[in-house]
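The values are calculated or read from the model by the stated rules, or taken from the named source; none is laboratory data. The model shown is predicted, which means the values in this text are computed figures rather than measured ones. Quick reminder, even Gly has a Cβ in these numbers, built from the backbone with ideal geometry, and neighbours come from all protein chains shown.
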Amino acid sequence: MPSKKPKQPKVKAPITPPPPKPRDVEGDGDFPALVAQVQQHFDAIPANKPLFLVSNDGLFDAFIAGLSPHLRQHYSCNCCRSFFNHFGGLVVVNDDGSLSSLWDIVAAEPFRVAVDELNRTVRLRPIVGAFVTADAIIGNPTTNGWDHFAVKLPSARRHQSFTESPQATAAKLREETMMLRRGLGEFTVATVEKALALATSGTLQRPEKAEPMLRWLLDLHARLRGLEAPQRESLLWHIAATAPAGFTHVRGGIVGTLLEDVAAGMSTGDIARRWAEKVDPSQYMRAQVAPSAGNLRRAESVIQAMEAAGSLRRRYVTLGDAVETLWSSKPEAPAASSSGPVFGHITAKVKVALTTQPLDLGEIKMTWDKFRRTMLADAENIEYNVPSSPVQLAALVTAVDAAAPPILQWDGGLGAKGGDARNPVSVYSTTAAPSAWNLSPGAWVPVDFVSPMPYHWNGNAAANQKEGVLLALRGCRDAKRTAGGGFLPEFLRSELREIRASLDAYARSARVEGADKAAACGIALMKTADVAGGRAASSSTATNVILVFDESGSMSNHSDNIHRQAEAIRRQLIATMPKALVSVLRFGSSVVTHQIVTASSLPTLRFYANMGGTALYDALATASRMATNAADPTLIYIITDGEENQSRQYNSDTCTEVVSAALSTGRVSFGCVGPAQAAGFFRSAGIPSACVRDWYGGGSDLAAVTAEVSKGIAAFASARAAGLSAIEDFFSAPVSGFGDGVRLRVTIGKGSTTRRQVVVLDRWD
């Protein structure tokens, strides 16, 4: 095209080549300067701002037509035509939905008219797709000494993915824009506002899985309001390209099903129940069946291409790893020099130290938020009092290969400190007895540091994850953990979604390495509502509890564990609902009801497992009728190790009718435990999934069940204290980690000014 570069003539030394022929800038224009202008304008576009294409039809001809007649032939070439045909329609979307083109420059003569017309034409055309490329240069800068239109792309602008091609990414964005458009059309502002009110009021379990997207949708409705159709459409493309992962799936994701339920006019209780089933931690984003052979092959291919095997292998965080902390214990004084002091051989006069005991300020109760604001920074030492009951324990784990490519959402590119902020650390938590994590009940254990949850490091908002902190305890470690890779599918980057089933299977079976060196394990405190999934309000504080125990012959294998569970339940009832009226039903081939007493008077329960078969329908229906006939809210807890084989009064259908009638009162809650077939029946009878726990028959699993039952009773008690008549999340109640109160012994100051206080943290804020 325009300025031909002078060729170096092939001459023999020592002949001096002639100087290059001067470019006729006056007549032909300074084309390299124009290309440089275009490049400079492109470089000024932020690398994180997505690029789009409008129709390229006729753009090169429009450019040529804008030139003076004597230049048209000179600037016509196939390379430049190809550039215009592929990249001439490059645009970015402004905040108001208008477009800025590649040609938004003030060109010098003789190109000004042509470039101005080109810019105007491009800006008026609708977007036809996203521009995605892995190329370092678009266009062909030179051929045979001739300059052409071309643009260099920085590395941050180039498509880099191990899982999909640039074409596939562009096609996916087109589809996501269409999904976003349909979703906005289907769900009105009023529907989104109502759903958000449910999420922020404590009605929904794990509201952090819905609230960020709902707020985003409301903001989007506001941004689009009043825009003309072209600007609205352009802005939709931009928003789809910059939306958080999954947010464009308005109709297809779990938030979409929540909005559908709200739009359909379902009751609050039904909406909360259905939502609880979807976000149940044991089910949320987790594969319900083993991955297919094809998915496994694809997973192998993707992980190999990413060279990310080292990211999947996890180990416990050690003392040598970087951890973001809110507080850490004061470092010990440095050791003396190995060479020894100069005057070390001289014996000094002995000075008797004055011993002073810290001023004991007694005990005070406060929220975590207040403790963080008023005491944490000044603390010299913090100790944690280990309780005897199960607590929420957590461990930080990281990639075995720290340099392996990121697989976590918050690992690189998401932090406020810049796109290179690496953070391969994840967290897992569980409710367990302290002794299982090398902690002795009753002991005061030093807190080594306090850290935010890793998905909030580097300033990362991670709005879809609960705010929380880890109190790392000295010597705490999950030494008995035999399986579990230390990450959940919901933690993974969106590009790994297609192989999620295989990664979930890997995470379930893999083992975290280096338990003996773990240095970041301890108590997890989470910001969460005390009550979720609650039904209608109740003006009465009176409460009934019906305990239903399977005493069929097969339960003899579990007698000791059942005794322990019954005792744990008794203690929890006395602690949380001492005035509740408690009924005990025993069943085998028949159902026996024991006298009703208050929880505070409930004696130690003994079971003999000598009642024959399993009349499960009779037992469940009997308890449900008692609850239906009671005037006050009632919790039914039932545990069985087998399926129905002995009922005489009820069958599957009639039992389900009785259960449905109980649930319809709005004042009956359930907690049901049983093996697969029994658990399946509980769910088919209409009992919310979050109130059913599959029991796999082993003693160790029964111990875990017991801990969960205690937590469920506490959740029911909290619901009643808050004025709710029932809960729908007995086994999935929000876990905060605060339990009956987190006891910390805090030392502030040094020497004679040292003071010590026991702080009981009862909630987040």
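What to note about this one:
- Answer from 753, 665, 706, 654 - the residue that is over 26 Å from residue 633 (Cβ atoms) and not assigned by TED's automatic domain parsing to the domain that holds residue 431: 753
- Selection count, region 726-748, where residues are surrounded by 23 or more Cβ atoms within 10 Å (Cβ to Cβ), modelled with pLDDT of 70 or more and part of a loop (DSSP other than H, G, I, E, B): 6
- Qualifying positions in region 136-149 - in a strand (DSSP E or B) and within 21 Å of residue 49 (Cβ to Cβ): 137, 138, 139
- Scanning region 440-449 for residues that are modelled with pLDDT of 90 or more, buried (at least 17 other Cβ atoms within 10 Å of the Cβ) and either within 30 Å of residue 247 (Cα to Cα) or not aliphatic (A, V, I, L, M) (or both) turns up at least one hit.
- Within region 510-528, restricting attention to residues that are over 19 Å from the mean Cα position of the chain (by Cα) and in a loop (DSSP other than H, G, I, E, B), the residue that is modelled with the lowest pLDDT is 510.
- Scanning region 567-619 for residues that are closer than 17 Å to residue 678 by Cα and in contact (Cβ under 8 Å) with a residue 60 or more places away in the chain returns 613, 614, 616, 619.
- Residues that are within 24 Å of residue 270 (Cα to Cα), of a type in the set (A, V, I, L, M, F, W, C), modelled with pLDDT of 85 or more and not in a loop (DSSP other than H, G, I, E, B) within region 680-713 comprise 681, 682, 691, 692, 709, 713, listed in sequence order.
- None of 241, 171 is buried (at least 17 other Cβ atoms within 10 Å of the Cβ), outside the structural domain of residue 467 (by TED's automatic domain parsing), in contact with a strand residue (DSSP E or B) (Cβ under 9 Å, 6 or more places away or on another chain) and over 19 Å from residue 272 (Cβ atoms) except 241.
- A residue that is touching a strand residue (DSSP E or B) at 6+ places or on another chain (Cβ under 7 Å) and within 19 Å of residue 32 (Cα to Cα) can be found somewhere in region 87-96.
- Meets criteria (closer than 30 Å to residue 745 by Cβ, surrounded by 10 or more Cβ atoms within 10 Å (Cβ to Cβ) and modelled with pLDDT under 70) for residue 356: yes
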